[in-house]
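Engineer: Let me begin by handing over the structure; questions about it come next.
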Number of protein chains: 2
Amino acid sequence: MIPAGTGCPRPLTGGAEVDATHDPKLTSFVASANGHPDFPIQNLPLGIFSTASGKPHGGVAIGDMILDVPAIATLLPAEARAAAEAMGAESLNAVFALGPAPRRALRAGLSALLTAASAKAEQLRPHLHAASACTLHLPARIGDYTDFYAGIHHATNAGTLFRPDNPLLPNYKYVPVGYHGRASSVRVSGSEVRRPKGQRKLPEETAPTFGPCRNLDYEMELGIWIGSGNALGEPVPIAAAGEAIAGYGLLNDWSARDIQGWEAQPLGPFLAKNFHTSISPWVITPEALAPFRIAQPPRPEGDPRPLDYLWDEADQARGALDLAVEVLLETPKGGPFRLSLSNTSFLYWTPAQMVAHHTVGGCNLAPGDLLGSGTISSPTEDGYGALLEITRAGRKPVTLPNGEERRFLEDGDTVIFRARAARDGAVPIGFGECRGRIRPAT
Amino acid sequence: MIPAGTGCPRPLTGGAEVDATHDPKLTSFVASANGHPDFPIQNLPLGIFSTASGKPHGGVAIGDMILDVPAIATLLPAEARAAAEAMGAESLNAVFALGPAPRRALRAGLSALLTAASAKAEQLRPHLHAASACTLHLPARIGDYTDFYAGIHHATNAGTLFRPDNPLLPNYKYVPVGYHGRASSVRVSGSEVRRPKGQRKLPEETAPTFGPCRNLDYEMELGIWIGSGNALGEPVPIAAAGEAIAGYGLLNDWSARDIQGWEAQPLGPFLAKNFHTSISPWVITPEALAPFRIAQPPRPEGDPRPLDYLWDEADQARGALDLAVEVLLETPKGGPFRLSLSNTSFLYWTPAQMVAHHTVGGCNLAPGDLLGSGTISSPTEDGYGALLEITRAGRKPVTLPNGEERRFLEDGDTVIFRARAARDGAVPIGFGECRGRIRPAT
């Protein structure tokens, strides 16, 4: 279990959008939800699931169970039915496209139906499935996937390895740096990850060779799902950018460091990243996270103020997230062992700033598009979000509690991400897991 | 009109896949096709069109007309019907997904129906629409868009501006360098292009400012449409990579140079490119281009041999394309004026090498995915594929025939790309146009 707010040095601020669905006294007639580390009734994340007999469609996680949402749509109040019916599709794109109001109505309706005091418990029971007997799928058809670089400690650590005297480039504190990733190879948590082959050249080698990646790594990121989107040529203003987000997940930006080091100049990473990206199956809504919004920390003395299109008082006041994020490694010989514990509050830019920046030149985002935050490292070694940083690019192996060493990932290793939000007066919620196991190259 | 084979210093080789559909004596009962610079009966490109009354679906260009393909499916031989029926959809993804054999059968069937000797001319006439009265649409739903950098003269020219002593980075001659682009903002030729706003910083400025792009540019590229695709983790071998391509178009990788110069380190271009990409509406099939395949030129003395996964004798023998590519500029005061004339044979990597490289680490391509070749510049100034190169990043303005000067694109300018394939013994074919007009920033 991740301790509450670990690694976050910042004050909590009031959550204006906290409502009856967050009431800490609320419990569910689904017994496993009460005290559940991830999915108490205060969370209600959305996902796409299938049972052994049915085809994939939308559900909500409640404790160890999944409620079939479209199956109980008629039990919901009228204002929640559009979203419940949209969840009958094989992806959440349609419910994302509806925007915040129908999603909030769905949350309120589901919360009322699932409480311990629910008058409809018996009608719901046939539509509650044991999560362990279900398959979870990619939550949305991802039109485009963009990866940001907002983890300033990661950017500094990675930069130091290549430019010891000048780790952060001059644009870093002005531009929410990002690049386009590959949408087709994003897979849901649990899908195995094939070690890629490619051109690798170490600095001491004179020419590249072809073969399996020797420096395979993970990157711990926050995934950000786009909701209603925008038309080409119509930027999303920063004040509206938070409302454009449909939810959050945990994203593993698997990285082939030796391929990356050789290929990535001058146009950025390509094959080093596009062989696989993992995303957790449950979409944690902005509503569920309302109690865990915090102020974006004041920038260190001397850092520039963001340009106006990135500046919004309300976003500064509560646009950051207080989520403890944890990386664990399970090897064929033991574990899982914790590799790091960090916090999303270390990101230099808020999710709303990423959306505003992405669209400011006119680029159109669509429902189901996915953003990665960039690797979330803390300022201290126990919170580094990639092996590149932990092992100094492999030069300083990490010793696991069972005595094994790792410079980078080995075949058979499983990387597990978890996230947890907690604060005084709120019931803690979690994200579930994002996990992937490394298969050998073919 | 573009002269045949302009700028191509390389010998033509035999085209093994030349068949009766390429017969230079073949003419069509559609009179405008005979001698048409782009769409004689030897071309038969695929596209998505709509008439004033109908919804978008597939057609083939023949002279100044468009044949409604699904409407005449029953007139085709049985082996061509699957492709003709797939063209009833609003995009070509389904016909792309069928792969080469159904596409070839469709070509053969359409060629026979459209000849001057056709017994079915009267049955076809009601399904021939004047292209001037139709709307052309994006040919496919683009899942992912990737931009390569295979124009070695462009890479050298661009590199020289930033690194005069070291223009080509060490990986260039080993790696078909590419990066992921934005699929959502690809638009069909003719869509107006809004000048983007963004962060711009010139080298002599101390901090960035926000405003409209001041150095707006085009990049002339070959577009490559993916056909049947591959599964995640299953690379397309180089010998099969040519067959994975469904067709070609002309692509304008609009570029905001001042935004690019500031944002693009260390992860590559982002907002500088994602505001708009233009693609020509007609998909020129590999079959239509069979007579214009040429040998990839021998690499200059001292260049490394490509690694094995990029090396295929047949691809080397006829995997390159001999297409003259032309850029024209029309200003509010005059033109169109030719800015450059180059040839696709100057690309350092073949389209098959791009596909093999893209998938070698396991990345999955899907039907309708789009690749850009990179900017196609010739070794000489009259064939530079971007204003960046022609004007030395704006330092040396180009004077147009009417006396106007341009450093970069101005509002109201229209950029037009054309391409033409010609060789002795073959009827020349063209690509039609890729055009876009610049609208002022909002």
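The values are calculated or read from the model by the stated rules, or taken from the named source; none is laboratory data. Everything quoted here is computed from the prediction, not taken from an experiment. Cβ sites come from the backbone with ideal geometry, for glycine too, and all protein chains shown count toward neighbours. For accessibility, only protein heavy atoms count, side chains too; no ligands or nucleic acids. Shrake-Rupley method; radii C 1.70, N 1.55, O 1.52, S 1.80 Å.
Engineer: Six or more apart or on different chains, Cβ atoms under 6 Å: show the pairs whose first residue is in the range B:123-138 and within 24 Å of B:ASN93 (Cα to Cα) and whose second is not in a strand (DSSP E or B).
Structural biologist: B:HIS127/B:ALA71; B:HIS127/B:ILE72; B:HIS129/B:THR51; B:ALA131/B:ASP64; B:CYS134/B:THR51; B:LEU136/B:PRO281; B:HIS137/B:PRO56
Engineer: Those residues that are without any contact (Cβ under 8 Å) to a residue 60 or more places away in the chain and assigned to a loop (DSSP other than H, G, I, E, B), I need them from the range B:241-298; list them, please.
Structural biologist: Of everything in the range B:241-298, those that are without any contact (Cβ under 8 Å) to a residue 60 or more places away in the chain and assigned to a loop (DSSP other than H, G, I, E, B) turn out to be B:ALA264, B:GLN265, B:PRO266, B:LEU267, B:PHE270, B:GLN296, B:PRO298.
Engineer: Looking at the range B:303-315, is at least one residue part of a loop (DSSP other than H, G, I, E, B), on the phi > 0 side of the Ramachandran plot, within 14 Å of chain A (Cβ to nearest Cβ) and open to solvent by 10 Å² or more (accessible area, probe 1.4 Å)?
Structural biologist: Within the range B:303-315, the subset part of a loop (DSSP other than H, G, I, E, B) is B:303-307, B:311-312.
Narrowing further to those that are on the phi > 0 side of the Ramachandran plot: none.
Checking the range B:303-315: not a single residue is part of a loop (DSSP other than H, G, I, E, B), on the phi > 0 side of the Ramachandran plot, within 14 Å of chain A (Cβ to nearest Cβ) and open to solvent by 10 Å² or more (accessible area, probe 1.4 Å).
Engineer: Of all residues in the range A:115-145, which are more than 30 Å from A:GLN260 (Cα to Cα) and not in a helix (DSSP H, G or I)? First the steps, then the outcome.
Structural biologist: Of the range A:115-145, the ones more than 30 Å from A:GLN260 (Cα to Cα) are A:115-136.
The answer is A:THR115, A:ALA116, A:ALA117, A:SER118, A:ALA119, A:LYS120, A:LEU128, A:HIS129, A:ALA130, A:CYS134, A:THR135, A:LEU136.
Engineer: Follow-up question, since we're still on this one. With (1) within 27 Å of B:PRO300 (Cβ to Cβ); (2) out of contact with any strand residue (DSSP E or B) (no Cβ under 6 Å at 6 or more places or on another chain) as the list, and B:GLY374 as the residue in question, which single condition is left unmet?
Structural biologist: (2)
Engineer: If we keep just the residues of the range B:248-261 that are out of contact with any Asp or Glu (no Cβ under 9 Å at 6 or more places or on another chain) and over 15 Å from B:ALA158 (Cα atoms), which is nearest to the other protein chains (Cβ to nearest Cβ)?
Structural biologist: B:ILE259
Engineer: Follow-up question, since we're still on this one. Within the range A:131-145, can you find the residues that are open to solvent by less than 30 Å² (accessible area, probe 1.4 Å) and of a type in the set (Lys, Arg)?
Structural biologist: Hits for the range A:131-145: nothing passes.
Engineer: Still on this structure, please answer the following. So, of the residues in the range A:243-270 that are over 15 Å from the mean Cα position of the chain (by Cα) and acidic (Asp, Glu), which turns out to be surrounded by the fewest Cβ atoms within 10 Å (Cβ to Cβ)? I'd like the intermediate steps shown before the answer.
Structural biologist: Quick first cut of the range A:243-270, residues over 15 Å from the mean Cα position of the chain (by Cα) only: A:243-244, A:255-270.
Right, trim to acidic (Asp, Glu) and you get A:243, A:258, A:263.
On the way: A:GLU243: 16, A:ASP258: 24, A:GLU263: 27.
The extreme case among them is A:GLU243.
Engineer: If I ask for residues that are in contact with a helix residue (DSSP H, G or I) (Cβ under 9 Å, 6 or more places away or on another chain), modelled with pLDDT of 95 or more, open to solvent by less than 40 Å² (accessible area, probe 1.4 Å) and facing chain B (nearest Cβ under 7 Å), which ones from the range A:146-198 would you list?
Structural biologist: A:TYR149, A:ASN171, A:VAL175, A:VAL177, A:GLY178, A:PRO196, A:GLY198 - these are the residues of the range A:146-198 that are in contact with a helix residue (DSSP H, G or I) (Cβ under 9 Å, 6 or more places away or on another chain), modelled with pLDDT of 95 or more, open to solvent by less than 40 Å² (accessible area, probe 1.4 Å) and facing chain B (nearest Cβ under 7 Å).
Engineer: Yes or no: A:ALA158 of a type in the set (Gly, Ala, Ser) and more than 30 Å from A:PHE29 (Cα to Cα)?
Structural biologist: Details: of a type in the set (Gly, Ala, Ser): yes; more than 30 Å from A:PHE29 (Cα to Cα): yes.
So A:ALA158 passes the test.
Engineer: To continue, here is another question. Which of the residues belonging to the range B:208-228 are open to solvent by 20 Å² or more (accessible area, probe 1.4 Å), touching a residue at least 40 places away in the same chain (Cβ under 8 Å) and facing another protein chain (nearest Cβ under 9 Å)? Write out each step before concluding.
Structural biologist: Taking the range B:208-228 as the starting set, the residues that turn out to be open to solvent by 20 Å² or more (accessible area, probe 1.4 Å) are B:209-210, B:212, B:214-215, B:228.
Checking the rest, the ones that are also touching a residue at least 40 places away in the same chain (Cβ under 8 Å) come to B:212, B:214-215, B:228.
The answer is none; no residue qualifies.
Engineer: Might you let me know whether the range A:418-435 holds any residue that is within 25 Å of A:GLN316 (Cα to Cα), touching a Gly at 6+ places or on another chain (Cβ under 8 Å), surrounded by fewer than 19 Cβ atoms within 10 Å (Cβ to Cβ) and not hydrophobic (A, V, I, L, M, F, W, C)?
Structural biologist: Yes, the range A:418-435 contains a residue that is within 25 Å of A:GLN316 (Cα to Cα), touching a Gly at 6+ places or on another chain (Cβ under 8 Å), surrounded by fewer than 19 Cβ atoms within 10 Å (Cβ to Cβ) and not hydrophobic (A, V, I, L, M, F, W, C).
Engineer: Kindly evaluate B:LYS273 against the criterion of being facing chain A (nearest Cβ under 10 Å), open to solvent by 30 Å² or more (accessible area, probe 1.4 Å) and of a type in the set (Lys, Arg). Walk me through how you get there before you give the answer.
Structural biologist: Working: facing chain A (nearest Cβ under 10 Å): yes; open to solvent by 30 Å² or more (accessible area, probe 1.4 Å): no; of a type in the set (Lys, Arg): yes.
Taking the combined requirement at face value, the residue does not satisfy it.
Engineer: Is it fair to say B:ILE429 is among the hydrophobic types (A, V, I, L, M, F, W, C) and under 22 Å from B:GLY374 (Cα atoms)? Show your work before the answer.
Structural biologist: On the way: among the hydrophobic types (A, V, I, L, M, F, W, C): yes; under 22 Å from B:GLY374 (Cα atoms): no.
So B:ILE429 does not fit the description; no.
Engineer: Would you check if A:ASN343 is assigned by TED's automatic domain parsing to the domain that holds A:ILE226, in contact with a Gly (Cβ under 8 Å, 6 or more places away or on another chain) and open to solvent by 10 Å² or more (accessible area, probe 1.4 Å)? Reasoning before the result, please.
Structural biologist: Working: assigned by TED's automatic domain parsing to the domain that holds A:ILE226: yes; in contact with a Gly (Cβ under 8 Å, 6 or more places away or on another chain): yes; open to solvent by 10 Å² or more (accessible area, probe 1.4 Å): no.
For A:ASN343, the condition - assigned by TED's automatic domain parsing to the domain that holds A:ILE226, in contact with a Gly (Cβ under 8 Å, 6 or more places away or on another chain) and open to solvent by 10 Å² or more (accessible area, probe 1.4 Å) - is not met.
Engineer: Quick one: would you say B:GLY403 is within 14 Å of another protein chain (Cβ to nearest Cβ), assigned to a loop (DSSP other than H, G, I, E, B), out of contact with any Ser or Thr (no Cβ under 9 Å at 6 or more places or on another chain) and not hydrophobic (A, V, I, L, M, F, W, C)? Let's see the steps before the verdict.
Structural biologist: Values: within 14 Å of another protein chain (Cβ to nearest Cβ): no; assigned to a loop (DSSP other than H, G, I, E, B): yes; out of contact with any Ser or Thr (no Cβ under 9 Å at 6 or more places or on another chain): yes; not hydrophobic (A, V, I, L, M, F, W, C): yes.
It is false that B:GLY403 is within 14 Å of another protein chain (Cβ to nearest Cβ), assigned to a loop (DSSP other than H, G, I, E, B), out of contact with any Ser or Thr (no Cβ under 9 Å at 6 or more places or on another chain) and not hydrophobic (A, V, I, L, M, F, W, C).
Engineer: In addition: Only one of these conditions is not met by A:GLU205: (1) more than 21 Å from A:ALA386 (Cβ to Cβ); (2) at the interface with chain B (Cβ under 7 Å from one of its Cβ atoms); (3) acidic (Asp, Glu). Which number is it?
Structural biologist: (2)
Engineer: Okay, moving on. Step by step: first the residues of the range A:340-365, then only those that are assigned to a loop (DSSP other than H, G, I, E, B) and in contact with a helix residue (DSSP H, G or I) (Cβ under 8 Å, 6 or more places away or on another chain), then the one that is nearest to A:TYR309 (Cα to Cα). Which residue is that? Spell out the reasoning first.
Structural biologist: Initial filter on the range A:340-365 (assigned to a loop (DSSP other than H, G, I, E, B)): A:348-350, A:360-365.
Now narrow it down to the ones that are in contact with a helix residue (DSSP H, G or I) (Cβ under 8 Å, 6 or more places away or on another chain): A:348-350, A:360-361, A:365.
Details: A:TYR348: 16, A:TRP349: 13, A:THR350: 13, A:VAL360: 8, A:GLY361: 11, A:LEU365: 17 Å.
Ranking the qualifying residues of the range A:340-365, first place goes to A:VAL360.
Engineer: Can you find a residue in the range A:42-54 that is open to solvent by less than 30 Å² (accessible area, probe 1.4 Å), at pLDDT 95 or above, farther than 21 Å from A:LEU113 by Cα and under 23 Å from the mean Cα position of the chain (by Cα)?
Structural biologist: Within the range A:42-54 (the criterion being open to solvent by less than 30 Å² (accessible area, probe 1.4 Å), at pLDDT 95 or above, farther than 21 Å from A:LEU113 by Cα and under 23 Å from the mean Cα position of the chain (by Cα)), the answer is yes, since at least one residue qualifies.
Engineer: Return a yes/no flag: does the range A:348-359 have any residue that is within 11 Å of another protein chain (Cβ to nearest Cβ), at positive phi and open to solvent by less than 10 Å² (accessible area, probe 1.4 Å).
Structural biologist: Quick first cut of the range A:348-359, residues within 11 Å of another protein chain (Cβ to nearest Cβ) only: A:357-359.
Add one more test, that the residue is at positive phi, and what stays is none.
No, the range A:348-359 contains no residue that is within 11 Å of another protein chain (Cβ to nearest Cβ), at positive phi and open to solvent by less than 10 Å² (accessible area, probe 1.4 Å).
Engineer: For the list (1) surrounded by fewer than 24 Cβ atoms within 10 Å (Cβ to Cβ); (2) closer than 20 Å to A:SER189 by Cα, I need the number of the one condition that A:LEU92 fails.
Structural biologist: (1)
Engineer: If we keep just the residues of the range B:374-393 that are of a type outside the set (A, V, I, L, M, F, W, C) and open to solvent by 10 Å² or more (accessible area, probe 1.4 Å), which is farthest from the chain's Cα centre (by Cα)?
Structural biologist: Of the residues in the range B:374-393, the ones of a type outside the set (A, V, I, L, M, F, W, C) are B:374-375, B:377-385, B:389, B:391-392.
Subsequent filtering for residues that are open to solvent by 10 Å² or more (accessible area, probe 1.4 Å) retains B:379-382, B:384, B:392.
On the way: B:PRO379: 20, B:THR380: 21, B:GLU381: 21, B:ASP382: 20, B:TYR384: 16, B:ARG392: 25 Å.
Once the filter is applied, the top-ranked residue is B:ARG392.
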